1. As an exercise: evaluate Ala74 against (1) open to solvent by 30 Å² or more (accessible area, probe 1.4 Å); (2) over 22 Å from Ser122 (Cβ atoms); (3) within 16 Å of the ligand (Cβ to nearest atom) and give the number of the one condition it does not meet.
2. Within the range 16-37, can you find the residues that are of a type in the set (D, E, K, R) and either within 13 Å of Asp127 (Cα to Cα) or buried (at least 22 other Cβ atoms within 10 Å of the Cβ) (or both)?
3. When you go through Met84, Met105 one by one, which is the residue that is over 16 Å from Cys178 (Cα atoms) and either touching a helix residue (DSSP H, G or I) at 6+ places or on another chain (Cβ under 6 Å) or among the aliphatic types (A, V, I, L, M) (or both)?
4. I'm checking my understanding of the structure. Among residues of the range 176-201 that are more than 10 Å from the ligand (Cβ to nearest atom) and open to solvent by 20 Å² or more (accessible area, probe 1.4 Å), which one is farthest from Asp67 (Cα to Cα)?
5. Would you check if Leu26 is among the aliphatic types (A, V, I, L, M), more than 14 Å from the ligand (Cβ to nearest atom), under 27 Å from Asn201 (Cβ atoms) and over 16 Å from the mean Cα position of the chain (by Cα)?
6. Does Ser79 count as open to solvent by 30 Å² or more (accessible area, probe 1.4 Å) and farther than 17 Å from Leu131 by Cα?
7. Please find, among Asp228, Asp151, Asp234, Asp173, the residue that is open to solvent by 70 Å² or more (accessible area, probe 1.4 Å) and of a type in the set (Asp, Glu).
8. Only one of these conditions is not met by Thr152: (1) within 8 Å of the ligand (Cβ to nearest atom); (2) among the polar types (S, T, N, Q); (3) at pLDDT 95 or above. Which number is it?
Amino acid sequence: MRVIITDSYEQMGFEAAKLVAGQIYLKPNSVLGLTTGSTPLAMYERLLALHKTDGLDFSEVTTFNLDEYIGLSAYNPHSYYYYMQENFFKHININQENIYIPNGMTNDVTAEGIHYEQLIASKGGIDLQVLGIGQNAHIGFNEPDVRFVADTHMVELNEETILANSRFFNNIDEVPRCAISMGIKTIMMANRILLLANGRNKAKAIYKALCGDITPQAPASILQLHRDVVVIIDKEAAEFLS
Ligand code: F6R
């Protein structure tokens, strides 16, 4: 595991963007696993800049997002599909047919999960998976639990996550209670994982992920078992690392 600690959130985004860009330069038809939330916004901003100024080419890239809320359509401004279009996809030259996000409007989450796993496999697997981390050390929407769930599946969000994510909604009652998320095996099958975090409110989760016991109570701790993880965090998120 390689840990890079940056002075600022912006620098975290810049370092992350360089790593993603390097992946695409080396393999133009890379399969990227992507995440949403506040954390990766600086990375997306830098990637857009690299596309505009340096011609970083996404035309052959395929993307798979980690998760989506159940019950929100692609047109809902709170859906992760909408987030990805607004913050990233509509600004780059990615082929819209190469964008995959779990379908939050499915009537059959189990079938959607199986289909999503098959799609990832059919593209040869994920080359580089970008992750954020929850304050409870969740990755994707794999919440602390008594066991790790392997494949893409339905998740009931826990109270801490609902509260944390309510900042994106008008009020807490609007936050969906369920989501569909890649599982732990889906994430761990990626060739390389890039874990991002910023801010003091992520410091405990980062400590648990990097230094704590490997346990489903802190899902990100499983990353200690992956052979190629790069962690890019700002100094506030690194507060408890020695
Ligand atoms: C989002 C996702 C989540 C977030 C995590 C951190 O697609 O899978 O695991 O990465 O909840 O969210 P932020 O960055 O908003 O603190």
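The values are calculated or read from the model by the stated rules, or taken from the named source; none is laboratory data. No experiment lies behind these values; they were computed from the predicted model shown. Note that each Cβ is placed from the backbone with ideal geometry, even for glycine, and that neighbours are counted across all protein chains shown. Keep in mind that these areas ignore ligands, DNA and RNA; they rest on the heavy atoms of the full protein, side chains included. Shrake-Rupley method; radii C 1.70, N 1.55, O 1.52, S 1.80 Å.
1. Failing condition for Ala74: (2).
2. To start, the set of residues in the range 16-37 that are of a type in the set (D, E, K, R) comprises 18, 27.
Correct list: Lys27 only.
3. Details: Met105 fails: over 16 Å from Cys178 (Cα atoms).
Going through Met84, Met105 in turn, just one is over 16 Å from Cys178 (Cα atoms) and either touching a helix residue (DSSP H, G or I) at 6+ places or on another chain (Cβ under 6 Å) or among the aliphatic types (A, V, I, L, M) (or both): Met84.
4. Among those that are more than 10 Å from the ligand (Cβ to nearest atom) and open to solvent by 20 Å² or more (accessible area, probe 1.4 Å), it is Arg200.
5. no
6. no
7. On the way: Asp228 fails: open to solvent by 70 Å² or more (accessible area, probe 1.4 Å); Asp151 fails: open to solvent by 70 Å² or more (accessible area, probe 1.4 Å); Asp234 fails: open to solvent by 70 Å² or more (accessible area, probe 1.4 Å).
Result of the check over Asp228, Asp151, Asp234, Asp173: Asp173.
8. (1)
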